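Novice: The structure is given below, and queries will be raised subsequently.
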Amino acid sequence: MVQAVRGMRDVLPAEARRWRLVESAIRKVLDGYAYEELYLPVLEFTELFARGVGEATDIVEKEMYSLEDRNGDSLSLRPEGTASCVRALVENGLLFNQTQRVFYSGPMFRYEKPQRGRYRQFNQVGAEAFGFAGPDIDAELIALCADVWERLGITRHVRLELNTLGSAGARQAYRDALVAYLTPYRNELDPDSQRRLESNPLRILDSKNDRTQKLLEHAPVLQDFVDADAREHFDGLQVLLEGRGIEFVLNPRLVRGLDYYTHTVFEWITEDLGSQGTICGGGRYDGLVERLGGRATPACGFSIGVDRTQLLHEVVHQDEPAGAAQVYVCWMHDGLLGAAFSVAGELREADAAVRVHMGGGALKKQLKRADDCGAEWAIILGDDEVGNDTVTIKHLVDGEQKTVARSELVTAIG
Ligand code: ATP
Ligand code: MG
């Protein structure tokens, strides 16, 4: 048998129901903030990510699924959404003299080591805001996330970590200082960090190597390079978050993996999923639009990892969500199938999820099926019911059964 590709995960019905619950909570909140949805392609020119995410990032160096098109173009499955989103808005002239607050969702692809909470195809919902320079939008995006966790009932299981990288200039100055400090110790660094010394020195701060971390103890710290403007922006953000009662932890080591961040960076982290604990990451990327060929435009966004959020929801709320059907319609013989369809249709009009029993058989067997699919109600249609224009309804949770007029059905199971 041909099996699924490693790291490409099947989301089976029970999990898919929770997935939808999570995704619809996220959408509900985004709608409430009036963010507008975009649908973006899964394939882009490789160059978009090389420029947008950064040549020297793990993502572009070793995690992309790249392929050559039949006409020789190098294309890649998107590893993240921000670069595509910026490309689409610039290409379609939607950033010209206007602000935008948008979101998108869908699969992303990274060639990583698969494990629980880390897959090679995974889903994100990303939100981005363009044209706003102040910390008010940073605060809105963070508050939006907080509202999502609230709606999902996982607020007490996540914490917000926050940092500022300063302006692009500050980041560059820090980078130079870090390189100057580390270069004499070059040979003592782990091989990845040695490589990054030229390509992406900030990422050395993330190294898991003990010896490298030891060397970093006396390294210059980013915070000393953050300029007054960036400090003011960051202080402003903290005041806004405090005003909204959103708790956070300052983490001066938080740098994030993508190259394009400046100023604010943040992550929402849980302790309940082991080492795959970041369920959402984001920040400000004021330089990206220009880097991708647009006019300089301030921008800020986040991306929620749907797979991990769903795993966390499962850890916190074992019993939810409900089954596939709310109502299961049983019928006593073939002559009643038409009535069964008509009852089901009426209930569907009232937004119920209704399964009609298929294949006949004894009532006992039909009720067993009703239980198996998680229905809350069974409807039983016999000759008496159909003759009298009534239906028998059985509440499967407590076993209570009664017969009601057909016209009262919708209210009875409401
Ligand atoms: P990590 O540090 O866990 O690798 P990241 O910094 O690479 O995450 P981002 O690029 O910021 O992640 O993506 C935003 C979110 O997408 C992450 O917080 C996470 O929830 C989710 N995510 C990223 N990579 C994966 C993956 N391989 N499988 C599942 N979810 C992922
Ligand atoms: Mg990663």
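The values are calculated or read from the model by the stated rules, or taken from the named source; none is laboratory data. Keep in mind the model is a prediction, meaning the values are calculated, not measured. Every residue, glycine as well, gets a Cβ built from its backbone with ideal geometry; the counts of neighbours run over all protein chains shown. SASA here: full protein model, heavy atoms, side chains in, ligands and nucleic acids out. Shrake-Rupley method; radii C 1.70, N 1.55, O 1.52, S 1.80 Å.
Novice: Can you tell me how the range 327-412 classifies by the Cα gyration tensor, rounded, prolate or oblate, using a/c under 1.5 as the rounded cut?
Specialist: Rounded, because the longest to shortest axis ratio a/c is under 1.5.
Novice: Taking 7 Å along the Cα-to-C-beta vector as the label spot, tell me the Arg20-Phe341 distance in nanometres, rounded to one decimal.
Specialist: 2.3 nm
Novice: Quick one: which residues, 5+ away or cross-chain, put their amide H under 5 Å from the amide H of Thr264? H built at 1.01 Å from N.
Specialist: Those qualifying (amide H under 5 Å, at least 5 residues apart or on another chain) are Leu165, Arg284.
Novice: Going highest first, how would you order 396-405, 212-221 by mean Cβ packing within 10 Å?
Specialist: 212-221, 396-405
Novice: Next question. Report the trypsin sites (Lys or Arg not before Pro) located in the range 311-376 that are in a DSSP loop and have at most 10 other Cβ atoms inside 10 Å of their Cβ, or state none.
Specialist: Qualifying residues, ordered by number: none.
Novice: Using Cα atoms only, what is the angle between the long axis of helix 363-372 and the major principal axis of the chain, expressed in degrees (0 to 90) to the nearest 10?
Specialist: Relative to the chain, helix 363-372 is tipped by roughly 10 degrees.
Novice: To continue, here is another question. Round to a whole number: what % of the accessible area of the chain belongs to carbon and sulfur, probe 1.4 Å?
Specialist: The value for the chain is 49 percent carbon and sulfur by accessible area.
Novice: Another question, if that's okay. Please work out how much length the chain gains when fully extended from Ala34 to Arg175, using 0.36 nm per residue of separation minus the C-alpha to C-alpha distance, in nm with one decimal.
Specialist: 46.9 nm is the gain from fully extending Ala34 to Arg175.
Novice: For a test of the definition: using alpha carbon positions, the gyration tensor, and the 1.5 limit on a/c, classify the range 1-113 as rounded, prolate or oblate.
Specialist: Since a/c reaches 1.5 but b/c is at least a/b, the shape of the range 1-113 is classed as oblate.
Novice: Kindly express, to the nearest 10 degrees and within the range 0 to 90, the angle between helix 337-349's C-alpha long axis and the longest C-alpha principal axis of the chain.
Specialist: It works out to around 40 degrees.
Novice: Let me ask something else. What are the residues whose amide H is under 5 Å from the amide H of Asp227, where those residues sit 5 or more places off or on another chain and H is modelled from the backbone?
Specialist: Ser167
Novice: Roughly what angle does helix 135-152 make with the longest principal axis of the chain, taking Cα atoms, 0 to 90 degrees, to the nearest 10?
Specialist: In the chain, helix 135-152 runs at an angle near 30 degrees to the longest axis.
Novice: Ok, one more. Looking at the range 85-127, which trypsin sites (Lys or Arg not before Pro) are in a loop (DSSP not H, G, I, E or B) and have at most 16 other Cβ atoms within 10 Å?
Specialist: Listed in order of number, the matching sites are Arg116.
Novice: If the only charges are +1 at each Lys and Arg Cβ and -1 at each Asp and Glu Cβ, what is the size of the charge dipole of the chain around the Cα centre, to the nearest 20 debye?
Specialist: 940 debye
Novice: Under 5 Å between amide hydrogens, which residues at least 5 positions from Leu292 or on another chain qualify, with H placed 1.01 Å from N in the peptide plane?
Specialist: none
Novice: Give a residue-ordered list of calculated ³J(HN,Hα) values for the range 83-96 (Karplus: 6.51 cos²θ - 1.76 cosθ + 1.60, θ = phi - 60°; whole Hz; x for Gly, Pro).
Specialist: For the range 83-96, the Karplus-derived couplings read 4, 4, 4, 5, 4, 5, 5, 5, 4, 9, x, 8, 9, 7 Hz, x marking Gly and Pro.
Novice: Right, another one. Residue-wise, which Karplus ³J(HN,Hα) couplings in Hz belong to the range 209-221, taking 6.51 cos²θ - 1.76 cosθ + 1.60, θ = phi - 60°, and x for glycine or proline?
Specialist: In residue order, the calculated couplings are 6, 4, 5, 4, 4, 4, 4, 6, 4, 9, 6, x, 9 Hz.
Novice: Under the Karplus relation 6.51 cos²θ - 1.76 cosθ + 1.60, θ = phi - 60°, what is the ordered set of whole-Hz ³J(HN,Hα) values for the range 153-165, x standing for Gly and Pro?
Specialist: Along the range 153-165, the couplings run x, 10, 3, 6, 9, 10, 10, 9, 10, 9, 7, 10, 9 Hz.
Novice: Can you tell me the accessible area per residue over the chain, all protein chains present, probe 1.4 angstrom, in square angstrom?
Specialist: Roughly 49 Å² per residue, with all protein chains present.
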